[in-house]
1. At residue 89 and residue 49, where each label point lies 7 Å from the Cα along Cα→Cβ, what is the point-to-point distance in nanometres?
2. Using the Cα centre of segment 58-163 as the reference point, and only Cβ charges (+1 on K/R, -1 on D/E), how large is the resulting charge dipole? Debye, rounded to the nearest 20.
3. Determine the order of 183, 201 by accessible area, beginning with the largest, at a probe radius of 1.4 Å.
4. When only C-alpha pairs under 8 Å and at least 6 residues apart count, what is the relative contact order of segment 83-166, in percent?
5. Could you tell me the relative contact order of segment 42-197? Use alpha-carbon pairs under 8 Å, at least six residues apart, and round to a whole percent.
6. What does the accessible area per residue of the chain come to in Å², with a 1.4 Å probe and no ligands, DNA or RNA counted?
7. Around residue 137, with a cut-off of 9 angstrom between Cβ atoms, what is the net charge of the other residues, counting Lys and Arg +1 and Asp and Glu -1?
8. Taking a probe of 1.4 angstrom, what is the accessible area of residue 67 in Å², to the nearest 10?
Amino acid sequence: MESPQASLGCKTWRCPDGSFTKTILEPGSGVDKPKEHAVCMIYLEHLTNPPSQLCSTSDPGYPAGSWVEVELGEGDTAQDRLVDQCLETMLQGEVCQVDSPLGFQLILRLKSFEKGTETWELEPSEKIQGAIKDREKGGMAFRDGNIEGAERRYTRGLRLLVCTPGEAEEEKVALLSNLAACDLKKRRFREAEVRCTRILDMDPNHLKALYRRGIARAGMSDWEGARGDFDKLLKLDPGNKEAKRELLSVREKEKIAQAQISKALGKMFL
């Protein structure tokens with residue numbers, strides 16, 4: 001398929017978050033635009049090769065070079081998220097060039113789309129099943145090292161469960177715990193601590209939340225808080241090797257910190 005060329009008269013629009021710039025090569029028609037879960041018939045053409053941070057060897061993302069149906073929001077790579085963001089701004093029949101700040105360029109065509117089911121239209125059981133699906137796919141992305149894709153899935157799953165009744169609590173806890181794991185990977189210790197505390201407010205004996213909050217507190221040099229979490233975890237699960245290892249590490253670091261404080265205080269009176 002021959003690529004349309006941008007001209008001086010083409011309209012350019014920059015995404016407010018700076019994630020991409022869109023140049024409309026052929027305008028679409030109508031007023032409706034795709035929303036999450038809409039099934040879109042699209043054609044992708046790479047003008048430059050996607051950088052490694054936009055895709056992975058195990059999941060290359062939405063295919064290029066042919067017409068394909070995609071469900072908006074179902075892609076897990078950074079390239080897919082870029083395409084999804086752009087699709088939400090497009091009209092049926094529109095063709096545009098997408099430029100990423102990473103130096104990546106593509107042509108995106110939206111032939112047609114069918115409206116997806118809105119969240120408020122789903123039954124509680126459907127929301128829970130959707131959240132489970134997002135958690136499972138998020139787990140696959142996490143194991144593949146795609147932390148952003150995992151976060152996107154876990155966050156979407158939680159959004160589905162915002163107004164669901166009590167039977168969704170277990171799934172909410174699992175999603176929060178997994179988001180805390182993402183926080184730790186990104187060294188966002190405060191965020192991980194807050195999420196784990198929310199979990200422990202609901203389930204005081206949640207083992208993963210105790211472990212992850214202990215790791216988060218250790219990351220913030222809150223040795224006493226971390227020690228308390230690992231101590232409690234080991235009372236509940238005495239054979240937990242990871243907790244034993246972390247508790248030993250925390251005790252050693254706490255001793256070093258106390259010694260440094262004592263040394264500094266001693267110098268004040270010299």
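1. That separation, rounded to one decimal, is 2.7 nm.
2. The calculation lands at about 160 debye.
3. Correct descending sequence by accessible area is 201, 183.
4. 22
5. Once divided by the residue count of segment 42-197, the mean separation gives 19 percent.
6. Ligands and nucleic acids excluded, the result is 55 Å² per residue.
7. That sum, taken over residues with Cβ under 9 Å, equals -1.
8. Answer for residue 67: close to 100 Å² accessible.
The values are calculated or read from the model by the stated rules, or taken from the named source; none is laboratory data. From a predicted model like this one, the values you see are computed outputs, not experimental measurements. Positions of Cβ are backbone-derived with ideal geometry, glycine not excepted, and every protein chain shown enters the neighbour counts. Ligands, DNA and RNA are stripped out before the accessible areas are found, and what is left, the full protein with its side chains, is counted by its heavy atoms. Shrake-Rupley method; radii C 1.70, N 1.55, O 1.52, S 1.80 Å.
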